Amino acid sequence: MTVKHLEILLADDDTDACAFFEEALAELPISTRLTAVHDGEKLMQLLNEETGKLPHILFLDLNMPRKNGFECLAEIKGNKKLNQLPVIILSTSYEQEVINLLFQNGAQYFIRKPSAFAQFKKIIQYALMLITEQDVTPPAKDHFVLTVENSQPV
């Protein structure tokens, strides 16, 4: 998917993470527009709107109020209109069982949220580069988890 402007949707109830995300996008060499929602119900309402032009990519936090990331991912991947939307999971958790389940349920990538801004920026930029410069078919399981260590310079 080669695009000159990225429409990005972020579903995360952590305001600090949203601010970090917005700052990271501001430093990208590509034009972006970020829309953020802070709970799973609002996310699904937005995605299911009839006017709905879908974003290019969704970054989805697992732990959100009203409807968590697992529930949202299942709804997205079970919906014919939404199931091609690339979903990158953001989480502070790093449990292998959870990662395996997310992979099986159709998430594009998994990112463990780094605490340092420089690392957060690098991993978000790397994820966007993967989505925009490569085929969006799901990666092999051993490339599902994105880390700062396995990211290339952006």
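Listing 41, 133 from fewest to most neighbouring C-beta atoms within 10 Å gives 133, 41.
At a 10 Å Cβ-Cβ cut-off, how would you order 8, 30, 99, fewest neighbours first?
Numbers: 8 22, 30 13, 99 19.
Placing the least packed residue first, the sequence is 30, 99, 8.
Once you order the gyration tensor axes a ≥ b ≥ c over the Cα atoms, which shape class does the chain get: rounded for a/c under 1.5, otherwise prolate or oblate by comparing a/b with b/c?
Details: a/c = 1.24, a/b = 1.13, b/c = 1.10.
Taking the square roots of the gyration eigenvalues as a ≥ b ≥ c, the chain is rounded.
Using the rule -39500 (n - 2.57) for each DSSP H run of four or more residues, divided by the residues of the chain, the 222 nm mean residue ellipticity is -11000 deg cm²/dmol. Applying 1/(1 + (r/R0)^6) with R0 = 22 Å to the Cβ-Cβ distance of residue 117 and residue 143 gives a FRET efficiency near 0.35. Between residue 94 and residue 45, the C-beta separation translates, for a Förster distance of 25 Å, into a calculated FRET efficiency of about 0.25.
Just so you know, all these numbers are worked out from the coordinates, no wet-lab data involved. Nothing here was measured: the structure is a model prediction, and the numbers come from that model. With ideal geometry, Cβ positions are generated from the backbone for all residues, glycine too; neighbour counts draw on all protein chains shown.
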